[in-house]
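The values are calculated or read from the model by the stated rules, or taken from the named source; none is laboratory data. Quick caveat: nothing in here was measured; it's all calculated off a predicted structure. Every residue, glycine as well, gets a Cβ built from its backbone with ideal geometry; the counts of neighbours run over all protein chains shown.
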Amino acid sequence: MERRIFLSSPAMCGKEKEFINQAFEDNWIAPLGPNVDALENEICEYVGAEYAVAMNTGTAAMDKITDKKEFSDIDEIEMAPICGYGKPNYWLSCFTLKNKSKVRPGDIIAALDNENIESRPIWKPMHLQPLYKNCGYFAHGYDVSADIFDRGLCLPSDVNMNNCDIERVISVVRRCFYF
């Protein structure tokens, strides 16, 4: 069996482990804290700005898949649109399938799993999760988030992926449409 490709595995090296241990010792297991504050201050100092905001796009490995070229000939796949007013951000390796598609997200997830490749449905909307089933939700006539959840999936976007891994993912997805 080929090496497992994870959806997104932890990738820590160098000082990252030291910072993680410090976060546990300081009890700052949250998206903010002293390390983030220090990073923002260093960025301000470096670029001469008054303010800076640290952000994480999550991944870096999937530009080839998410640049829309690898699946552009598959009419059933809809990649996120690129707005004409800014630089596209391709970090997120998600797509939806058109309603007319005979292939369903579960079919692709199963095919990837058979090849030892982790994937998953797009995030389940809060109002569809059991904990929040009795909470108010405003669909405004059309439940966009439920529709995206029903038709969408997340491909692996692990920073540890190499070109061979990316080609494996692309190949499996393409086989779902061109058997």
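Restricting the range 1-43 to residues that are over 23 Å from GLU118 (Cβ atoms) and among the charged types (D, E, K, R), the residue that is surrounded by the most Cβ atoms within 10 Å (Cβ to Cβ) is GLU40. Among residues of the range 127-151 that are farther than 26 Å from LYS102 by Cα, those with a Cβ under 7 angstrom from a residue that is in a helix (DSSP H, G or I), sequence gap 6+ or separate chain, pair up as TYR132/MET126; CYS135/HIS127; TYR137/HIS127. Note on the range 128-155: residues that are part of a loop (DSSP other than H, G, I, E, B), among the aromatic types (Phe, Trp, Tyr) and surrounded by 13 or more Cβ atoms within 10 Å (Cβ to Cβ) amount to 1. Within the range 91-113, the set of residues being over 15 Å from MET79 (Cβ atoms) and assigned to a helix (DSSP H, G or I) comprises GLY106, ASP107, ILE109, ALA110, ALA111, LEU112, ASP113.
Take the conditions within 30 Å of ILE5 (Cβ to Cβ), among the β-branched types (Val, Ile, Thr) and part of a loop (DSSP other than H, G, I, E, B) and apply them to VAL172. Does it pass? No; evaluated as a whole, the condition is false for this residue. Show the residue pairs meeting these rules: Cβ distance below 8 Å; 6+ apart or different chains; first residue within the range 95-108 and over 18 Å from PHE179 (Cβ atoms); second residue aromatic (Phe, Trp, Tyr). The qualifying pairs are PHE95/PHE71.
Filtering the range 114-127 to residues that are in contact with a helix residue (DSSP H, G or I) (Cβ under 6 Å, 6 or more places away or on another chain) and part of a helix (DSSP H, G or I) leaves only MET126.
The criterion of being modelled with pLDDT of 70 or more, touching a helix residue (DSSP H, G or I) at 6+ places or on another chain (Cβ under 7 Å) and either hydroxyl-bearing (Ser, Thr, Tyr) or not in a loop (DSSP other than H, G, I, E, B) (or both) holds for TYR51. A search for C-beta distances below 9 Å between a residue of the range 160-179 that is in the same structural domain as CYS94 (by TED's automatic domain parsing) and without any contact (Cβ under 8 Å) to a residue 60 or more places away in the chain and any residue that is of a type in the set (S, T, N, Q) and crowded, with 18+ Cβ neighbours inside 10 Å, counting only pairs 6+ apart in sequence or on different chains, returns nothing. I need the full set of residues from the range 125-172 which are in contact with a Ser or Thr (Cβ under 9 Å, 6 or more places away or on another chain) and of a type in the set (Lys, Arg), in order please. Correct list: ARG151 only.
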